[in-house]
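Peer 1: I am attaching a structure below and will ask some questions about it afterwards.
The values are calculated or read from the model by the stated rules, or taken from the named source; none is laboratory data. The structure displayed is predicted, hence computed values, not measured ones. For neighbour counting, all protein chains shown are included, and Cβ atoms are generated from backbone atoms with ideal geometry for every residue, glycine included.
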Amino acid sequence: MSDSHLFDHVALAAQVKRQRKYAWDLDKGVQWSLGVDTTLPFLPLDSQSIACPGASQEQRLALSQLVGLIINSTISEMESVITKLRRVAWAEPLREFSVNPEMWELGDLFFIEENKHALAFNRFNQLFCQTEGIDPEQLDRLLPKAFGSLFLKAVIANAKSGGHAFWWIVAAVEEVSLSLFQDIHRVRDSIDPLYYEVHKKHMEEEKRHHNYAFLMLELIERRSFSLKRLLHRKTDLLFGQLFSSGWVLGELNKIFLAESMTNDHPFFQVIASCLPLMRQLTIPELMSRLFVSAPYVSLVLNTKNHRLTSRMAITHRAFNFPFPDPNITPLAPPEPTERPLKKKYG
C-alpha cells in the first residue's frame, strides 16, 4: 500500500462516500423470504468430499451443508472478534499517529459492516435450523466459537503488548472471503439461492473495504523504531498464522461430536455416518487434505492461498510460516440432489 493511498485524503474520502452509498441493510438488503432450500447443497464438494472419500449422495449433501454452516460461523466469529479488539488494536494505534480523519471514518464503517456481516451469517444458520427443525444449541456444538478460546486470548494479549497479529489475521480473513465467493459464484445455479445471496452481499462490502487491514498494517509499520516493535514486525504474522490455524483445526474436530448426537436429529446421524470414511485416512493423508487440496478448508488454513497477505509480508520482511504449496483442482458443480432427501432430514 503506497503513501498516496494511506495519506491521500481525497482517495480515502471517495472510499468513505462509496461505502456509505452502497451499504446494504441487514433486514431489507437480503431476500430472507427466500428461506433455505435444504434439498440443495450450500457449497460444491470435490471428489474426495473434503476428507470423506466414497461418501454417498446423501452424505455429500449433509457434508456440503455442514461445511457451508461452518464457513458461515467461522467468518461470523472472526468478524465478531474484530469488534472485540476495536479499542486496543484500532483506536489506540490511530491515536498514536497523525492520520487523516478519513482513516477514522473508514474504520468506523469497517466495524459497522463487519458486525452486520456476522449477524447476517448467524441469521442464515438460524434459518437453516428453523427449516430443518434442529435445535440451534445442538448445531452450535459443531460450529466454531472464538469467544473464550485460547486463540482470542492470545490475539488480545498480542495487541495489548503493542503487536499487530490481529490485522494480519483480518487481512487474511478478508482475502479468504473474496476467494471463497469466487468458488461459490461459479456454481451459483446449483446451490441454495439464499446461501449464495448472503455471500454475494458480504462480498460486495468486503470488496469495498478489504484494503483497510492493509492500510492499518502500513500505518503500524511506520511506528518509531524499538527492539520490541522490530520483534513484533518480524513475528506477528507467524504468531497470527499459528494461533488461527490451531483454532480452526481444533474447531473442525468438533465434527466428531456428531456421534453423540445421532438421536437428536437425522441430520446429525448422516454427519456421524461420514466419520468412518474420514477415519480411513492416515494422519498424513488427512493433514495433506486439510492444508493442501481440500476446498474451503485449505483456503482458510494455508496462507500460501493468501497472495495479497503474502505480498505484504515480503514488503514488511515478516516471517511467514512455510505452508505447503496448495494444489486445489477446479470444483465441479454439485451433483443434482433428489428432492426426497429432504424427508430424511425432516
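Peer 1: Could you list all residues from segment 70-112 that are within 15 Å of the chain's Cα centre (by Cα) and not β-branched (Val, Ile, Thr)?
Peer 2: Of everything in segment 70-112, those that are within 15 Å of the chain's Cα centre (by Cα) and not β-branched (Val, Ile, Thr) turn out to be Asn72, Ser73, Ser76, Glu77, Met78, Glu79, Ser80.
Peer 1: Within segment 276-312, count every residue that is aliphatic (A, V, I, L, M) and within 13 Å of the chain's Cα centre (by Cα). I'd like the intermediate steps shown before the answer.
Peer 2: If we filter segment 276-312 for residues that are aliphatic (A, V, I, L, M), which is where we start, we get 277-278, 281, 283, 286-287, 290, 292, 294, 297, 299-301, 308, 312.
Filter once more, keeping what is within 13 Å of the chain's Cα centre (by Cα): 297, 299-301.
Residues meeting the conditions: 4.
Peer 1: One residue is enough: does segment 216-230 have a residue meeting the conditions among the aromatic types (Phe, Trp, Tyr) and part of a helix (DSSP H, G or I)? Walk me through how you get there before you give the answer.
Peer 2: So the first thing to find is which residues in segment 216-230 are among the aromatic types (Phe, Trp, Tyr), and the list is 225.
If we keep only those that are part of a helix (DSSP H, G or I) too, we end up with none.
The answer is no; no qualifying residue exists.
Peer 1: Out of Ala62, Ala51, report the one residue that is in a loop (DSSP other than H, G, I, E, B) and either at pLDDT 95 or above or crowded, with 22+ Cβ neighbours inside 10 Å (or both). Break it down stepwise before answering.
Peer 2: Working: Ala62 fails: in a loop (DSSP other than H, G, I, E, B).
None of the other options fit; the residue is Ala51.
Peer 1: From the list Leu94, Leu178, Leu150, Leu139, pick out the single residue that is modelled with pLDDT of 95 or more and of a type outside the set (D, E, K, R). I'd like the intermediate steps shown before the answer.
Peer 2: Numbers: Leu94 fails: modelled with pLDDT of 95 or more; Leu178 fails: modelled with pLDDT of 95 or more; Leu150 fails: modelled with pLDDT of 95 or more.
Sole residue among the options that is modelled with pLDDT of 95 or more and of a type outside the set (D, E, K, R): Leu139.
Peer 1: Go through (1) surrounded by 20 or more Cβ atoms within 10 Å (Cβ to Cβ); (2) assigned to a helix (DSSP H, G or I) for Val10 and report which single condition fails.
Peer 2: All conditions are met except number (1).
Peer 1: Moving on to the next point. Only one of these is on the phi < 0 side of the Ramachandran plot and either surrounded by fewer than 16 Cβ atoms within 10 Å (Cβ to Cβ) or touching a residue at least 60 places away in the same chain (Cβ under 8 Å) (or both): Gly148, Gly68, Gly162, Gly133. Name it. Don't jump to the end; show me each part of the working.
Peer 2: Details: Gly148 fails: on the phi < 0 side of the Ramachandran plot; Gly162 fails: on the phi < 0 side of the Ramachandran plot; Gly133 fails: on the phi < 0 side of the Ramachandran plot.
The unique qualifying residue is Gly68.
Peer 1: Residue by residue through segment 251-291, note down the ones that are in contact with a Pro (Cβ under 9 Å, 6 or more places away or on another chain) and free of Cβ contacts under 8 Å to residues at least 40 places away in the same chain.
Peer 2: Ser288, Phe291
Peer 1: Got a number for residues in segment 136-145 being under 16 Å from the mean Cα position of the chain (by Cα) and either surrounded by fewer than 18 Cβ atoms within 10 Å (Cβ to Cβ) or hydroxyl-bearing (Ser, Thr, Tyr) (or both)?
Peer 2: 1
Peer 1: Output the number of residues of segment 242-264 satisfying the condition of being surrounded by 14 or more Cβ atoms within 10 Å (Cβ to Cβ), over 16 Å from Met287 (Cβ atoms) and out of contact with any Leu (no Cβ under 9 Å at 6 or more places or on another chain).
Peer 2: 2
Peer 1: Would you check if His185 is surrounded by fewer than 22 Cβ atoms within 10 Å (Cβ to Cβ), under 18 Å from the mean Cα position of the chain (by Cα) and under 19 Å from Val300 (Cα atoms)?
Peer 2: Values: surrounded by fewer than 22 Cβ atoms within 10 Å (Cβ to Cβ): yes; under 18 Å from the mean Cα position of the chain (by Cα): yes; under 19 Å from Val300 (Cα atoms): yes.
Criteria met by His185.
Peer 1: Considering (1) surrounded by fewer than 14 Cβ atoms within 10 Å (Cβ to Cβ); (2) among the aromatic types (Phe, Trp, Tyr); (3) closer than 24 Å to His265 by Cα, say which one Phe42 fails and leave the rest.
Peer 2: Single failed check for Phe42: (1).
Peer 1: Anything in segment 183-212 that is part of a helix (DSSP H, G or I) and over 29 Å from Asp46 (Cβ atoms)? List them, or say none.
Peer 2: Residues of segment 183-212 that are part of a helix (DSSP H, G or I), as a first pass: 183-186, 188-190, 193-209, 212.
Arg208, His209, Tyr212, listed by residue number.
Peer 1: Out of curiosity, is Lys201 closer than 20 Å to Leu127 by Cβ and at pLDDT 90 or above? Even if it seems obvious, please write down each step before you answer.
Peer 2: Working: closer than 20 Å to Leu127 by Cβ: yes; at pLDDT 90 or above: yes.
Criteria met by Lys201.
Peer 1: Identify the single condition in (1) surrounded by fewer than 17 Cβ atoms within 10 Å (Cβ to Cβ); (2) touching a Cys at 6+ places or on another chain (Cβ under 6 Å) that Thr83 does not satisfy, given that it satisfies every other one.
Peer 2: Result: Thr83 passes all but (2).
Peer 1: Any residue in segment 219-242 that is modelled with pLDDT under 90 sitting within a Cβ distance under 8 Å of a residue that is outside any loop (DSSP other than H, G, I, E, B) and aliphatic (A, V, I, L, M)? List the pairs, counting only those 6 or more apart or interchain.
Peer 2: Leu219/Leu6; Leu219/Leu94; Leu219/Met103
Peer 1: Exactly one of (1) out of contact with any Asp or Glu (no Cβ under 8 Å at 6 or more places or on another chain); (2) buried (at least 20 other Cβ atoms within 10 Å of the Cβ); (3) of a type in the set (Ser, Thr, Tyr) is unmet by Ser177. Its number?
Peer 2: So Ser177 meets the others, but not (1).
Peer 1: To continue, here is another question. Is there a residue being in contact with a Ser or Thr (Cβ under 8 Å, 6 or more places away or on another chain), assigned to a helix (DSSP H, G or I) and surrounded by fewer than 19 Cβ atoms within 10 Å (Cβ to Cβ) anywhere in segment 15-37?
Peer 2: The answer is no, given that none of the residues of segment 15-37 is in contact with a Ser or Thr (Cβ under 8 Å, 6 or more places away or on another chain), assigned to a helix (DSSP H, G or I) and surrounded by fewer than 19 Cβ atoms within 10 Å (Cβ to Cβ).
Peer 1: I'm checking my understanding of the structure. Among residues of segment 278-306 that are within 21 Å of Phe42 (Cα to Cα) and aliphatic (A, V, I, L, M), which one is modelled with the highest pLDDT? I'd like the intermediate steps shown before the answer.
Peer 2: Going residue by residue through segment 278-306, those that are within 21 Å of Phe42 (Cα to Cα) are 278, 289-290, 293-301.
From the residues that got through so far, the ones that are aliphatic (A, V, I, L, M) too are 278, 290, 294, 297, 299-301.
On the way: Met278: 96, Leu290: 91, Ala294: 88, Val297: 89, Leu299: 88, Val300: 88, Leu301: 89.
Ranking the qualifying residues of segment 278-306, first place goes to Met278.
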